[in-house]
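Notes follow once the structure below has been shown.
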Amino acid sequence: MKKVLIAAAALCALSANVQAAQDAEAVYAKACAACHNGQLPMAPKRGDKAAWEPRLAKGMDALVTSVTNGLNAMPPRGLCMDCTAEDYQAVIKVMSE
């Protein structure tokens, strides 16, 4: 029985590491658009290059950390609880272009 449990745990760990990247547009629509489409003035609007420029200057790692931990009015994980760091990077790129 122990071997079965160990094998199941290993399989779960491996499948978590192989999680496919989500579609950035879908993530934006489900988790980001509510705030980043202009509803909240402090959230940089999608496509507003001037608003995104100082944020992008901090570097992608800093932006992903801000999303993961939350920043100001943005809740931790930016309302995308199943997003990976790569998902966040893709969505940031979509929003900042």
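Packing-wise, with mean Cβ within 10 Å as the measure, how do 54-61, 36-43 rank, highest first?
On the way: 54-61: 11.5, 36-43: 13.8.
Ranked from most to least packed, the peptides come out as 36-43, 54-61.
Taking 8 Å as the Cα distance limit and 6 or more residues as the minimum spacing, I'd like the relative contact order of region 24-96 as a percentage. Walk me through the intermediate numbers first.
Values: 61 pairs, mean separation 28.9, N = 73.
The value is 40 percent.
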Round to a whole number: what % of the accessible area of region 24-96 belongs to carbon and sulfur, probe 1.4 Å? 58 percent
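Per residue, how much accessible area does region 24-96 have with a 1.4 Å probe, in Å²?
Values: 4190 Å² over 73 residues.
Heavy-atom accessible area per residue stands at 57 Å².
Evaluate the charge dipole of region 24-96 about its Cα centre and quote only its size in Debye, nearest 20, assuming +1 on the Cβ of each Lys and Arg and -1 on the Cβ of each Asp and Glu.
On the way: 8 positive and 7 negative charges, 43 e Å.
Its charge dipole is roughly 200 debye.
The values are calculated or read from the model by the stated rules, or taken from the named source; none is laboratory data. Please read all numbers here as calculations on a predicted model, not as lab measurements. Every residue, glycine as well, gets a Cβ built from its backbone with ideal geometry; the counts of neighbours run over all protein chains shown. Side chains included, ligands, DNA and RNA excluded: accessible areas come from the protein's heavy atoms. Shrake-Rupley method; radii C 1.70, N 1.55, O 1.52, S 1.80 Å.
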